[in-house]
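One structure below.
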Amino acid sequence: MTATIPTADESVVDRRDPEVRLKALLDRGSLRPIAARDERSGPDNSGVISARGQINGAPVIAFVTDATLMGGALGIGGCQLITEAIDTAVRERVPVIGLWHSGGARLAEGVVALDGIGLIFAAMVRASGRVPQISVVLGPAAGGAAYGPALTDVVIMSDSARIFVTGPEVVRSVTGEQVDMARLGGPEPHGRRSGVAHVTTKDEASALEAARTVASLLGHQGRLSPADVPDAEADADGHDLAALFPPEASRAYDVKPVVTALLDEPGVELHAKWAPNVVTTLGRFAGRTVGVIANNPMRLGGCLDASSAEKAARFVRMCDSLGVPLIVVVDVPGYLPGLGQEWEGVVRRGAKLLHAFAEAVVPRVTLVTRKAYGGAYIAMNSRSLGATAVYAWPNAEVAVMGASAAVNILHRKKLAATPAEERETLRAQLVEEQIATAGGVGRALEIGVVDDVIKPSETRRRIAEALANAPAARGAHGNIPL
Ligand SMILES: CCC(=O)SCCNC(=O)CCNC(=O)[C@H](O)C(C)(C)COP(=O)(O)OP(=O)(O)OC[C@H]1O[C@@H](n2cnc3c(N)ncnc32)[C@H](O)[C@@H]1OP(=O)(O)O
């Protein structure tokens, strides 16, 4: 059934109407068609509108597939319009936003449509890392209409979005699986399991609003103003970071409020449900867009694993290619061990994060709040990978592993040879010794891999100063969808 919305004059408009969708995305009155919808009967019949417009007063290019015509399926005409829109955005250095609701390549056009969709893909790759590319999926998006969004920087799905290579009918005939569109490619599977969607929303209006926010953050990044960042004691704006940590160092906590308190205002979390043991958020910090990456001890104890390393790597590369500085909040006990992880490619996928940070040239500051152990210490924007600055809070620990685990390995024979009734006392004593020799951040400071121990209350100011003092730079690479 066709969804409809009442207009001001009480007439009823098809909710899938491409013009209605574009107008809802752009600032009121700012839409200037680049290519208008043809009259349906004409020879072009492209099924695509592309337009210039504004979001919060700043220019963008947008295009939309016309879901009222052949379900938004794309022929060569529509593909050419999209390709031109993307190339125009690159020339004019503005974000490009695609609104997708499309059955993919027009079946009747055959290879001509396939060729056209290939041209869109090529344009997206040309634009990758040069201008922000945002996709909003508002209905079924199959085949080329699935891979198109997947090639862009941020994919936003409304509740009605369904992304798949082939729809349920084809799945049923080829594999025998009975599955509906929502389970196959709805916001739930793509937000939580596959990582295809960066943002999922409750309805179409929220999806378009999210696109507006992301376009503003990536397209109009602002300037860092450390002078506007007071220390927390003098700050009545709820930036007291330490208050958000539990008193016991071993207790889990949710890092999301910490990320929010670090930023000027709540940002946009990307991939919130997928790989939630690492948090990746875009937001404003000291007046400028930054990307924040934080371990989340509430999930898997904050360990890195295959998916979270890949998620963070993609985020780092996106920010680097678009010139967005990074803040990395570290509280990580290591990589998640186990057969499942090894078979999921924790080595290969974990290596992506090492590569992403080592390659990144944007200013990037690390803060160790509680602990940074082992390989995960290296992977979370360590000095050796080129961090701009590395700070630690007073009780933070940087070590190969936690003291208890280290004692179990270093003193296994000694502990085994000790009578059972004395073993725990000895273990506690050895742990104390281990903390004294290898704990804390003393050695890390000594060799210069931690620059300074800072108070939680001065954290925002120190990070802002470090970012502001670093030369602005931007990675010369695309944003391949890792
Ligand atoms: C680059 C490689 C590629 O793109 S290959 C991809 C080829 N496309 C596909 O396999 C998807 C085929 N379509 C579907 O499975 C369904 O239409 C999907 C997308 C799941 C949407 O289902 P549903 O929301 O129920 O709509 P529907 O099937 O009633 O379709 C609405 C109208 O759109 C049409 N349509 C759909 N897809 C295409 C297409 N690829 N080429 C031409 N027309 C297409 C349908 O025929 C239907 O038209 P009508 O309203 O009945 O006149």
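Lysines near LYS352 by alpha-carbon distance under 28 Å, same-chain residues fewer than 8 away left out - which ones? Answer for LYS352, where 28 Å is the Cα cut-off: LYS256, LYS273, LYS311, LYS371, listed by chain and number. Gyration tensor analysis over the Cα atoms of the stretch 225-298 returns equivalent ellipsoid semi-axes of 22, 18, 7 Å (largest first, whole Å).
Surface exposure of the chain, expressed per residue as accessible area with a 1.4 Å probe, stands at 43 Å².
Rolling a 1.4 Å probe over the protein heavy atoms leaves GLU446 with an accessible area of roughly 130 Å². For the stretch 62-152, what D do you get in µm² per second when you plug the Kirkwood radius from alpha-carbon pairs into Stokes-Einstein at 10 °C and 1.306 mPa s? D, rounded to a whole number, is 126 µm²/s.
Using only alpha carbons, the stretch 64-221 has a radius of gyration to Kirkwood radius ratio (Rg to Rh) of 0.97.
The calculated 222 nm mean residue ellipticity attributable to helices in the chain amounts to -11000 deg cm²/dmol, summing -39500 (n - 2.57) over DSSP H runs of n ≥ 4 and dividing by all residues.
Per-residue SASA remark: MET181, around 80 Å² accessible (1.4 Å probe; ligands, DNA and RNA not included). For the stretch 465-479 versus the stretch 270-345, the spacing of their alpha-carbon centroids is 19 Å.
Model label sites at GLU422 and ASN469, defined 7 Å from Cα along the beta-carbon direction, differ in position by 5.3 nm. Projecting the Cα atoms of THR200, VAL347, LEU114 onto the charge dipole of the chain (Cβ charges, centred on the Cα centre) puts VAL347 farthest toward the positive pole. With all projection directions averaged, the alpha carbon convex hull of the chain covers 27.1 nm². Look at the alpha carbon pairs under 8 Å that are at least 6 residues apart: their mean separation over the length of the chain gives a relative contact order of 11 percent. Shown for the chain: the carbon plus sulfur share of the solvent-accessible area, taken with all protein chains present and a 1.4 angstrom probe, equals 56%.
Applying a length cut-off of 20 Å (Cα extent along the axis) and a mean Kyte-Doolittle floor of -0.5 to the DSSP H helices of the chain leaves 76-92, 111-127, 204-219, 306-321. Evaluated with a Cβ-only charge set (Lys, Arg +1; Asp, Glu -1), the chain carries a dipole of roughly 900 debye about its Cα centre, given to the nearest 20.
Only protein heavy atoms count here; on that basis, with a 1.4 Å probe, VAL199 has an accessible area of about 20 Å².
The values are calculated or read from the model by the stated rules, or taken from the named source; none is laboratory data. Just so it is clear, the structure is predicted and the values come from calculations on it, not from any experiment. Neighbour counts run over all protein chains shown; Cβ positions are idealised from the backbone, glycine included. Calculation scope for accessible area: heavy atoms of the full protein, side chains included, ligands and nucleic acids excluded. Shrake-Rupley method; radii C 1.70, N 1.55, O 1.52, S 1.80 Å.
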